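A.B. asks: Got a structure for you, written out below as structure tokens; questions coming shortly.
The values are calculated or read from the model by the stated rules, or taken from the named source; none is laboratory data. Every value quoted in this text rests on a predicted model; they were computed, and no experiment measured them. Counting neighbours? That spans all protein chains shown, and the Cβs are built from the backbone with ideal geometry, glycine included.
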Amino acid sequence: MLDERKTAILGAVVQEYIATAQPVGSSHIADAPGVAVSSATVRNEMAVLEQEGYLVQPHTSAGRIPTDKGYRFFVDHLTQPGVLDASTTAQVGSFFSAAHGRLEELLHRTSTLVSQMTTYPSVVLGPKYDEARVRSVQLVGLSDTSATLVVVLGNGVVESQILEFDEVVSEARLAAAVAQLSGAMVGATVSSVTEIAPSGDEITDRVGSAALDALRAVSTDDHVYLGGTAAVASAFDAVEIVRTVLEALEQQFVVVSLIRDILDRGMSVAIGGEHGVEPLAACSVVVAPVLVDGEHLGSVGVLGPTRMNYPQALATVDVVSDRLGRHLGEN
């Protein structure tokens, strides 16, 4: 455990490096709030912090920069969590007050909002369809051999799929299939419905089974919304890191596994190698769950360099995830 002076010096180094991205020398820290000691004393303390693994000196003549261990200590000992200013908080409130329409569009726009607020790439995970309850099912004929399946789920998702049939299907049979599907699915979760009761008409039964298979196939997909991927270029200094991060973000299963693992471990911040995803070792992730009536329905997170502005990122994901959860609960 670091004493009060070392804690103050380490905090000042982290904040200075976050702001400038330049190695920090003792002269910049001596007059920082909570430090107020001579440059010589700061140099000695910084040398100790380096020996204990909280700081590193990239070049012999340069100042020092925080290590992942240093960032972790800083995050765990924030004396005051970040607070969004009044105008930004009002912006978030106005965004959700004006939000209408399909959930997918809302989550996509939320990811853009978070990225704009933090200047980092953002990730929003939507609720899993298979655990949502079905509100209504409709089949809308497009031609004699095709129809659109429209399913409204209790979590606000509206899912639609085009169905193609090998035979002519009349409007009457579509209506019969809707009745068949509604009887089996309305009020139940998608994952709990494995079959539908026979209607007595083979064509109607084939239509109903095709609709159920199509919905169950879609319901197992992860729903990931990335915002501000273009911000990767400005967030990281090295071109190779930018390329690696973009490649990782393109693999949705990596992003989903990363976010869920962090939350499963009871963490809100994973710094550098802590999250265990080697291609993203130069990144930190800040994430918050989206809760509706105590149920975890999604997540809001940002991904940035290890020198990210942690207080601001934590405040942003907390406020946005809270407002998103309230919006889903109200609607």
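A.B. asks: Filtering region 100-117 down to residues that are in contact with a strand residue (DSSP E or B) (Cβ under 6 Å, 6 or more places away or on another chain) and within 21 Å of A315 (Cβ to Cβ), which residue is surrounded by the fewest Cβ atoms within 10 Å (Cβ to Cβ)?
C.D. replies: Looking at the filtered set, the residue picked out is T112.
A.B. asks: Under 8 Å between Cβ atoms, which residue pairs at least 6 apart in sequence (or on different chains) link something in region 252-280 that is without any contact (Cβ under 8 Å) to a residue 24 or more places away in the chain with a partner that is part of a loop (DSSP other than H, G, I, E, B) and loosely packed, with under 15 Cβ neighbours inside 10 Å?
C.D. replies: Qualifying pairs under 8 Å: D261/G276.
A.B. asks: Pull up region 309-323, narrow it to residues that are of a type in the set (S, T, N, Q) and part of a helix (DSSP H, G or I), then point me to the one that is surrounded by the fewest Cβ atoms within 10 Å (Cβ to Cβ).
C.D. replies: Result: Q312.
A.B. asks: Continuing with this model, one more query. In region 49-99, what count of residues is obtained for those that are touching a helix residue (DSSP H, G or I) at 6+ places or on another chain (Cβ under 8 Å), assigned to a loop (DSSP other than H, G, I, E, B) and surrounded by 16 or more Cβ atoms within 10 Å (Cβ to Cβ)?
C.D. replies: Counting residues in region 49-99 that are touching a helix residue (DSSP H, G or I) at 6+ places or on another chain (Cβ under 8 Å), assigned to a loop (DSSP other than H, G, I, E, B) and surrounded by 16 or more Cβ atoms within 10 Å (Cβ to Cβ) gives 4.
A.B. asks: If the Cβ limit is 7 Å and pairs must be 6+ apart or interchain, which residue in region 96-119 that is in contact (Cβ under 8 Å) with a residue 40 or more places away in the chain and among the small types (G, A, S) pairs with which residue that is surrounded by 15 or more Cβ atoms within 10 Å (Cβ to Cβ) and part of a helix (DSSP H, G or I)?
C.D. replies: Pairs found: A99/L106; A99/H327; S115/A231.
For (1) out of contact with any helix residue (DSSP H, G or I) (no Cβ under 8 Å at 6 or more places or on another chain); (2) at pLDDT 85 or above; (3) surrounded by 15 or more Cβ atoms within 10 Å (Cβ to Cβ), each residue gets a yes or a no:
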position: G187; (1), (2), (3): yes, yes, no
position: V232; (1), (2), (3): no, no, yes
position: A270; (1), (2), (3): no, yes, yes
position: V277; (1), (2), (3): no, yes, yes
position: V285; (1), (2), (3): no, yes, yes
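A.B. asks: Considering (1) surrounded by 15 or more Cβ atoms within 10 Å (Cβ to Cβ); (2) under 16 Å from L125 (Cβ atoms); (3) without any contact (Cβ under 8 Å) to a residue 40 or more places away in the chain, say which one T244 fails and leave the rest.
C.D. replies: Here T244 meets the rest and fails (2).
A.B. asks: Search region 174-202 for residues that are farther than 14 Å from S136 by Cα and in contact (Cβ under 8 Å) with a residue 60 or more places away in the chain and pair each with any residue that is acidic (D, E) and part of a helix (DSSP H, G or I) when their beta-carbon atoms are under 8 Å apart and the residues are at least 6 apart or on different chains.
C.D. replies: S191/D130; S191/E131
A.B. asks: Something else now. In region 41-66, which residue that is at pLDDT 90 or above, over 20 Å from A282 (Cβ atoms) and of a type in the set (A, V, I, L, M, F, W, C) is nearest to the chain's Cα centre (by Cα)?
C.D. replies: Residue satisfying both the conditions and the ranking: L49.
A.B. asks: Let me ask something else about it. Are any residues in region 186-217 touching a strand residue (DSSP E or B) at 6+ places or on another chain (Cβ under 6 Å) and of a type in the set (V, I, T), and if so, which ones?
C.D. replies: Those that are touching a strand residue (DSSP E or B) at 6+ places or on another chain (Cβ under 6 Å) and of a type in the set (V, I, T): V186, T189.
A.B. asks: Would you point out which residue out of S87, S136, S94 is of a type in the set (G, A, S) and under 22 Å from V158 (Cβ atoms)? Please lay out each step first, then the result.
C.D. replies: Values: S87 fails: under 22 Å from V158 (Cβ atoms); S94 fails: under 22 Å from V158 (Cβ atoms).
Residue meeting the stated conditions: S136.
A.B. asks: Which of the residues spanning region 17-33 are outside any loop (DSSP other than H, G, I, E, B) and farther than 15 Å from N309 by Cα? Before you say what the answer is, go through the steps one by one.
C.D. replies: First pass over region 17-33, keeping only residues outside any loop (DSSP other than H, G, I, E, B): 17-20, 24, 26-29.
Those that are outside any loop (DSSP other than H, G, I, E, B) and farther than 15 Å from N309 by Cα: V24, S26, S27, H28, I29.
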